[in-house]
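Scroll down for the structure; my scribbles are underneath it.
The values are calculated or read from the model by the stated rules, or taken from the named source; none is laboratory data. Just so it is clear, the model here is predicted, and its values are computed rather than measured. Here the Cβ positions follow ideal geometry from the backbone for every residue, glycine too, while neighbour counts run over all protein chains shown. Each accessible area value is taken on the protein alone, full model and side chains, heavy atoms only, with ligands, DNA and RNA left out. Shrake-Rupley method; radii C 1.70, N 1.55, O 1.52, S 1.80 Å.
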Amino acid sequence: VRDYTEAIRLEPKCAYAYNNRGIVYYNLKQYEKVIEDCTEAICLDSTFAYAYNNRGNAYVDLKQHERAIADYTEAIRLDPTNAAAYYNRGNTYTYLKQYEKAIADYTEAIRLNPKDVYAYNNRGNVYYRLKQYEKTIQDCTEAIRLNPTYALAYGNRGGAYYRKAEYRKALADHM
């Protein structure tokens, strides 16, 4: 924080310094300060998609989901290749139980970043909630292929196998 504060003192119109200090505040769980810094970054550069995305993350942690969605949507409008904004908005839609929107966002995040194990796993989790177990298995299998040590994907896939009464496969994933 100290270094970014000094950077801001030296260059008060540097949007990146505000955004980056906001990221540090996020890691310190000081979400109001994240919002302040990212808002300042946006005031200095209204096209700074990552500042919208980062502010959206803080809004999620403050349970201000509609504001988060608005920020992620603006980040996507400004930079349609921003896979993180699609992923984060997908997480927020999942929390709000807007599953079809979540699937669409995870799908776009995967299209933009085909190695995103978390997007595969989270989309698989949404499919699970919709009782589309075969799709859960497909997505979690891909997450496991990309990262064979990602335990959560095994657990989610195992749960889908269990729901399909494929108990041996479920047990294998839970071992």
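Structure data summary
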| read-out | value |
| --- | --- |
| Trypsin sites (Lys or Arg not before Pro) within the range 80-175, DSSP loop, no more than 11 other Cβ atoms inside 10 Å | Lys97, Lys115, Lys131 |
| In nm, spacing of pseudo-spin labels at Tyr162 and Ala70 (7 Å Cα→C-beta vector) | 4.0 nm |
| Heavy-atom surface of the range 76-150, accessible at 1.4 Å and reported per residue (Å²) | 50 Å² |
| Label-point separation in nm, Arg111 to Gln30, each point 7 Å along Cα→Cβ | 4.0 nm |
| Label-point gap, in nm, between Lys169 and Lys97 - each point 7 angstrom along Cα→Cβ | 2.9 nm |
| FRET E, pair Cys14, Ala104, Förster distance 41 Å, beta-carbon r, rounded to 0.05 | 0.70 |
| Förster radius 30 Å - calculated FRET efficiency between Leu130 and Ala151 (Cβ-Cβ, nearest 0.05) | 0.85 |
| Calculated [θ] (222 nm, deg cm²/dmol) that DSSP helices of n ≥ 4 give over the chain, each run adding -39,500 (n - 2.57) | -24500 deg cm²/dmol |
| Pairs from Lys13/Lys33; Lys63/Lys115; Lys33/Lys97; Lys131/Lys169 whose Cα-Cα separation, in the structure shown, is over 26 Å | Lys63/Lys115; Lys33/Lys97 |
| Carbon plus sulfur fraction of accessible area for the chain, probe 1.4 Å, in percent | 52 percent |
| For percent of Cα pairs over 28 Å apart, calculated from these coordinates, the label among (1) 43; (2) 34; (3) 9 | (2) |
